[in-house]
Structures are given as structure tokens and as C-alpha cells.
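Student: Below is one structure. I have some questions about it.
The values are calculated or read from the model by the stated rules, or taken from the named source; none is laboratory data. Because the structure is a prediction, the values reported are computed rather than measured. All Cβ positions, even for glycine, are placed from backbone atoms using ideal geometry, and neighbour counts span all protein chains on display.
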Amino acid sequence: MSMPPPVTPSAAPGPVPNHLAWAIVSTVVAFCLCCVVGAIPGVVAIVYSAQVNKKLNLGDTQGALQASANAKTWCWVTTGLAIFGLLLNVWGFMTGANEQYMMMLQQMQAAQ
């Protein structure tokens, strides 16, 4: 019974970006602007970002490239949700919806 040959790291076609900083920043911003809805894809982006360097260290260049592509996709989704949340907040401020929401909360608290 022979042992399989050891895995040797293959040469990467260039640096493989992990997008970790983008994933963290977009997650925090999306969480602040959209609550949990924005944070869920951000956490997915962080997980894929963290996989990139691990896979590169194991010599799995193809896996690292795939994890990088997945991280980038989820970063864009999170960024889009953050922008959407920002637009909703601006709209709420401009139309006075925020004041109506605060009045509704105060009425609910007074009823208790």
C-alpha cells in the first residue's frame, strides 16, 4: 500500500484577493442601515473571505479562487443592501416617516 504523494502548492495565477476588509466594513454598515437583513449576507461574505488564505496555504489554488469569487459576490450583495438601507433611511427622514414611527412607539409604550 503506497502513500499518495504530498500536496504541493501550485503557483497561483497572481495574488488571490480575500475581500475580508470589504466584507467586514459592508457587514457593519449594512447592519447599521438594514438591521439583520443586511448582516446575514455580510456574515456569509466574511466566511468565504476567511477561507481564501486557508485554501491557499493548503495549496488549493482553485478552491481559493472560488472562495474569493464567492466572497466578492456576497460583498456586492451586502453593499447593495447597505445602499438600499441608506436610501430607505433618507426617504424616511425626508417624508417624516421616522417621526410617525416614533409617535407610534410612544403610543404603544403609553398603552402598557
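For (1) at positive phi; (2) of a type in the set (Ser, Thr, Tyr); (3) at pLDDT 95 or above, each residue gets a yes or a no:
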| residue | (1), (2), (3) |
| --- | --- |
| Cys32 | no, no, no |
| Cys35 | yes, no, no |
| Ala71 | no, no, yes |
| Cys75 | no, no, yes |
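Student: I need a count of the residues in segment 83-112 that are over 17 Å from the mean Cα position of the chain (by Cα) and surrounded by 15 or more Cβ atoms within 10 Å (Cβ to Cβ).
Tutor: 1
Student: Do any residues in segment 91-112 that are touching a residue at least 40 places away in the same chain (Cβ under 8 Å) have Cβ atoms under 9 Å from those of residues that are aromatic (Phe, Trp, Tyr) and surrounded by fewer than 10 Cβ atoms within 10 Å (Cβ to Cβ), where the two are at least six apart or on different chains, and which pairs are they?
Tutor: Matching pairs, first to second residue: none at all.
Student: Also, quick follow-up: Examine segment 41-56 for a residue that is in contact (Cβ under 8 Å) with a residue 40 or more places away in the chain and of a type outside the set (A, V, I, L, M), and state whether such a residue exists.
Tutor: So far as segment 41-56 goes, yes, one or more of its residues are in contact (Cβ under 8 Å) with a residue 40 or more places away in the chain and of a type outside the set (A, V, I, L, M).
Student: Same structure again: Scan segment 56-82 for residues that are part of a helix (DSSP H, G or I), in contact with a Ser or Thr (Cβ under 8 Å, 6 or more places away or on another chain) and surrounded by fewer than 18 Cβ atoms within 10 Å (Cβ to Cβ) and report the count.
Tutor: Counting residues in segment 56-82 that are part of a helix (DSSP H, G or I), in contact with a Ser or Thr (Cβ under 8 Å, 6 or more places away or on another chain) and surrounded by fewer than 18 Cβ atoms within 10 Å (Cβ to Cβ) gives 1.
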